Amino acid sequence: MSALALRVDAIRKTFRRGPKETVVALDGVSFSAQAGSLSALVGPDGAGKTTLLRLATGLLTADSGEMEVLGIDAARAPQEIQNRVGYMPQRFGLYEDLTVQENLDLYADLHGVSRATRPGRYKRLMEMTALGPFTRRLAGQLSGGMKQKLGLACALVRSPEMLLLDEPTAGVDPLSRQELWEIIGELVADRQTTVILCTSYLDEAERCSHVVVLHEGTVLAQGAPHEVSALAEGRVFLADPPEGQTARGLQARLLDSADIVDAVPDAGRVRFVLTGAGSAPRGVEATAVEPRFEDGFMTLLQRKRESVRSASFTLERPLKGHTTEAVEVRDLVRMFGSFTAVDHVSFDVRRGEIFGLLGPNGAGKTTTFRMLCGLLPATSGTLKVAGLDLRTARASARERIGYVAQKFSLYGDLTVRENLDFFASAYGLRGEARRRRTSWALEQFELGSHVDLRSAELPGGYKQRLAMAAALLHEPEILFLDEPTSGTDPLARREFWRRITALGEQGVTIIVTTHFMEEAEYCDHVAILDGGRVLAQGTPADLRTHVPAEAGRAATMENAFIAIVEKARHEDSARRRSAA
Amino acid sequence: MWESLARISALIRKELLAMLKDPRARWSIVVPPVLQCLIFGYAATYDLNNVPYAVLDQDHSFASRDLLARFDGSRVFQRVADLQRAADIARVIDNRDAILVIQVPQDFERDLLLGKPASVQLIADGRNSNTAGVAQAYAGAIVDAFNADWRGQHGEAGPPIDIASRAWFNSNLETRWNMIPSLIGTITLIQTMMLAAMSIAREREQGTFDQLLVTPFRPLEIMAGKAVPSMIIGTIQATNILLVAQLWFRIPFQGSFVVLYAGLVLFLLAAVGIGIFVSSIAATMQQAMLYSFLLIMPFSLLSGLTTPITNMPEPLQILTFANPLRYAITIAQRVYLEGVGIATLVPNLWPMAIIATVTLGAATWMFRHRVA
């Protein structure tokens, strides 16, 4: 078991961007993976994770350095490597108009898997992924988690010796994530497949035997996950918010403190990491806890912390004095043909509240959102946003809301300034007012250094900032954000929530969808959606009561979500059985 | 009102910026239409020059040589072979060595001198019926001229009817003269329709359309903001083609620019309306592109550009009433070559206004009611 499946030695890879600029994606990266082991590449956006995986598949060649995959020189025989390695890119190339079975057949054909071995292998893969009952379904109609499982099955159809997975669980609900990890675990344990994956879920890194922390093309640290965690040894604390203060408020306050690396709300309390060994800041009741991988990771990335802390933010005019409900939704239904995307959903959002719609992909979050914003008519039910139905209200009523769509929809050909100017004009801002608001936005979102860059060329985190800036130019009362943190790294997510918290404090009502369960902790109220229905709603603390606290450790929102969804699905099948 | 205009102008500015920012995009708006126009001007012509023909002269007389000399002397025909036997005729036609074979039989001169009708056989390659027909017509004209001269020289009375033909507006009947002004409509239709269709389909695909719909933009404002930039580009392209027609091909412009541009604006509105309507049905850019291509063929076939509308079967003739290009070509030709005033063109103007109203109205409705 000492054979190396992958050996990377001082790899350097650069890309050209535009006519002059050269981007260094990887700068002297070295690491190795044992055959039959599970390794993870973690790091913020632009760290070089995907580039490294693609180099290992032989799809790219390095500028310098050596790379040996399964004992083969990647630069010399890429085809041979591709014959023996399975690769699942971030967006796996499933053919959405083909069925599950046809996709499998196609990949079996492409990889020349013999007809004789197919039935046995298909059977194993279907058992492993639990896709057996859905072989006739079109791939395009599968849920996000099922698509990922099918992608994995397709990559496994010829039993590769090594499997490279690029963010296999991104955008997948907690239940499917659990299932995917069971499959990966089985591959490593039972079949001695070498698996190398990159992920932005830091808890997943803890399940691997070897972790490589990448940052801007260099290795910050590598080793067993507990070695990374150990970097924060003795610096991690859990604090209870003082009477009359929210965990979110305490977290924001702690983040502002200079000797704190990281602070996140954690099951009603705040978890924070100190810059150096020491004790909790004065006035904060805190108990020391064992560090986890995330704490070590944040310690490593200390020098980037600046951007998170400065992400605090002030409105020109804080909103005050509204008493009405910001959003009222009653029995909202939306059908697409015979498919019910949103099934009798009801909830209220109070003014100045941060409201989270949680649920896996396909749960009906985006459809609900589009109805609230007046982009889609409801099949039945009533909804009021700021007292109005935006679909039928006058166009000027839309000035009261801001909307940040999934993928931060901006005009990619236009520069940052041109985008802001356009959206300002769209909201009727002219002359002096427009100048004032755009410079406010540039300053608050720290976009100043990028004003003349085409927005398509902005790094991921900046795109999100620009989208938010554009949605806040007209000082809306209510801000809608659809999956704002999907596909962004842990740092960008902290930064985002720092801004959202500040906005909430200044009176803006915020409605946000997310599939990161831990982000529910930042919300005042949460509704959990699955299959178009609200399964549970309440404060994060209310929802956590759905699961008993495990020994010594409070239940996480992720545990709560899994418990709630499993219970609902169980009841559902029981009801169907009794009806039959 | 003021607010509304400010929003529309912001959208127009944004559209033009996005369309013209990239130097390659600017290039692709100006150069291809001009190139297309040049290619059409040279390639798409029914005028015949240097038609290869073969001769089977079985008479070898003064009269036969005189007749054939007239063929050789015209710019139209070029003799490529002198045949000896009738059996050779099939060979030169089959091999496409000649498009036309003239057979002058024995006794040609004798019959003429005797005052009897003499015959000449013309054999044409009918595989291209158009060319064959035109070549035969040219040959007929040459033979007619020969007849008339012969009668004059031999003291016989001239033919009872002497046709004096003058082609008005295009005295040399050059295809180019009628083709190029039509391109002002045809080329700009393709480009503006595509631009309009793609500009909305792109926003839908990239998700910016939702973003636009949640701003205070009203559907009509979005429509105006999307229509005007495409129309501006269309006007620039039409102007370029007009310049090529006058400065390069030297086709004299008879009418008024004001009248031509008035017709053009209505036509562009209809073209943009169709484009926007296409994009309101299409889910992706690819679909918008496909649908536009599907429309271009019937639009140009049913426009009267290449074949007269009056020759088409009745149902197709009715269909042409929904084709803005039909009216645009009529307007372009009549203003350009004929110089008619706006009053004459009214029957061609209002149908385009109706097409624009219907397509833009339907698209506006679709934007709000379509199930995403």
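Read the figures in this text as sums done on the coordinates, not as results from a lab. Predicted model, so just to flag it, every value in this text is computed and none were measured. Glycine also receives a Cβ, built like all others from the backbone with ideal geometry; neighbour counts cover every protein chain displayed.
So for chain A, averaging the separation of alpha carbon pairs under 8 Å that are six or more residues apart and normalising by length, what relative contact order in percent results?
Working: 1139 pairs, mean separation 76.3, N = 580.
Relative contact order, chain A: 13 percent.
Once the other residues with Cβ under 10 Å from the Cβ of residue A:361 are scored (Lys, Arg +1; Asp, Glu -1), what is the net sum? The partial results should precede the final answer.
Values: positive: A:147, A:365; negative: A:173, A:483.
Here the charged neighbours net out to 0.
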Exposure proxy ranking, count of Cβ atoms within 10 Å, fewest first, for A:572, B:125: A:572, B:125
Packing-based exposure ordering (other Cβ within 10 Å, fewest first) of A:418, A:186, A:206: A:186, A:206, A:418
Net charge over other residues, Cβ less than 9 angstrom from the Cβ of residue A:43 (K, R count +1; D, E count -1): -2
Å³ per residue enclosed by the Cα convex hull of the range A:4-218: 126
Simple label model, 7 Å out from Cα along Cβ direction - residue B:90 to residue A:96, nm: 6.3
All-pairs alpha carbon distance profile, the range A:293-444, 5 Å steps from 0, percent: 2, 7, 12, 15, 15, 16, 14, 10, 7, 3, 0
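Under DSSP H, which helices of chain B have Cα atoms covering 20 Å or more of the helix axis and a Kyte-Doolittle average no less than -0.5? Walk me through the numbers on the way to the answer.
Values: long enough: B:2-20 (27 Å, 0.68); B:23-43 (29 Å, 0.83); B:129-153 (36 Å, -0.08); B:175-206 (45 Å, 0.27); B:219-243 (36 Å, 1.07); B:257-281 (36 Å, 2.53); B:285-301 (25 Å, 1.25); B:342-369 (40 Å, 1.05).
Once both thresholds are applied, what remains is B:2-20, B:23-43, B:129-153, B:175-206, B:219-243, B:257-281, B:285-301, B:342-369.
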Average silhouette area of the range A:369-480, convex hull of alpha-carbon atoms, in square nanometres: 7.2
CD proxy at 222 nm, helix term only [per DSSP H run n ≥ 4: -39500 (n - 2.57); per residue of chain A; nearest 500]: -10000 deg cm²/dmol
Over 21 Å (Cα to Cα) - which of B:14/B:226; A:123/A:149; A:463/B:226; B:21/B:226; A:407/B:226; A:384/A:567 fall in this group: A:463/B:226; A:407/B:226; A:384/A:567
Point-to-point label distance, residue B:136-residue B:357, nm (Cα→Cβ direction, 7 Å offset): 4.9
Average Cα contact separation per residue, chain B, under 8 Å, 6 or more apart, as relative contact order %: 19
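Restricting to DSSP H runs of at least four residues, report the calculated mean residue ellipticity at 222 nm for chain B, -39500 (n - 2.57) per run over all residues, nearest 500 deg cm²/dmol. Mind showing how you got there, number by number?
On the way: 14 runs with 240 residues, N = 372.
So the helix-based figure for chain B works out to -21500 deg cm²/dmol.
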Fully extended contour minus Cα-Cα distance, from residue B:316 to residue B:256, at 0.36 nm per residue: 18.4 nm
For the range B:10-83 and the range B:302-316, distance of Cα centres in Å: 23
Spacing of the two label points (7 Å from each Cα toward its C-beta) at residue B:175 and residue A:245, in nm: 8.7
Computed over the range A:71-132, the ratio Rg/Rh where both radii use C-alpha atoms and Rh is Kirkwood: 1.02
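Regarding chain A, what is the average projected area of its C-alpha convex hull, in nm²?
On the way: hull surface 115.5 nm².
Mean projected area of the Cα convex hull: 28.9 nm².
Inside 10 Å of the C-beta atoms of A:408-419, what's the mean count of C-beta atoms belonging to other chains?
Working: counts 2, 8, 4, 9, 4, 8, 4, 2, 0, 0, 5, 2.
Averaged over the peptide's residues, the number is 4.
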Exposure proxy order (Cβ contacts within 10 Å, fewest to most) of B:184, B:276, A:478: A:478, B:276, B:184
All aspartates and glutamates inside 14 Å of residue A:49 as judged from Cα atoms, apart from same-chain residues fewer than 8 positions distant: A:27, A:166, A:167, A:216, A:489
Charge sum, other residues only, whose C-beta stays under 13 Å from residue B:44's C-beta, Lys/Arg counted +1 and Asp/Glu -1: -1
